[in-house]
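For reference, the structure discussed in these notes is given below.
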Amino acid sequence: MVLTQAPPKPAGTAQPFRARCPGVFSRFRGTTLLRVLVLVVFLGPIFLAVVSSLRANADIFRYGGSLSIRNFIPIPAIFSNFSGALRLPYFTQQLLNSLVLGVV
């Protein structure tokens, strides 16, 4: 019995990565979807808090029952809420305390 080897392939004819490992990309699709879902769940409330801070007090609960673009984009954006919060007594100290506790 004579064993012969296949002739070597010429340089530069390697198969693409997808052809060699067909299941790799299908595995990552599920983990990417899970990561996006976790990101939305954790950052969604922070985004809605920032959006609510840019609204007038009367508009905060006005659009709560419907799902529209006005829930996610405050029209018009009001920045006077931030300056009003900075004028409250001890607000800067409370903000600093919260930042220190959040980092530690």
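Read-outs: derived from the displayed coordinates by stated rules, not from any lab. Here the structure is a predicted model, which is why all the values come from computation and not from measurement. Glycine also receives a Cβ, built like all others from the backbone with ideal geometry; neighbour counts cover every protein chain displayed.
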Once amide H atoms are built 1.01 Å from N in the peptide plane, which residues 5 or more positions from Leu54, or in another chain, come under 5 Å H to H? none
When only DSSP loop residues count, what chymotrypsin sites (Phe, Trp or Tyr not before Pro) in the range 51-104 have their Cβ near at most 14 other Cβ atoms within 10 Å? Phe61, Phe72, Phe79, Tyr90
At 7 Å along the Cα-to-beta-carbon direction for both Val100 and Ser53, put a label point, then send me their distance in nm to one decimal. 2.0
Can you pull a Stokes-Einstein diffusion coefficient for the range 28-96 at 4 °C (1.567 mPa s), Rh from Kirkwood over Cα pairs, as a whole number of µm²/s? 90
In Hz, Karplus ³J(HN,Hα) per residue of the range 38-44 (6.51, -1.76, 1.60; θ = phi - 60°; x = Gly, Pro): 5, 4, 5, 5, 7, 8, x
Once both label points are put 7 Å beyond Cα along the C-beta direction, the Gln5-Ile69 separation in nm becomes 6.6
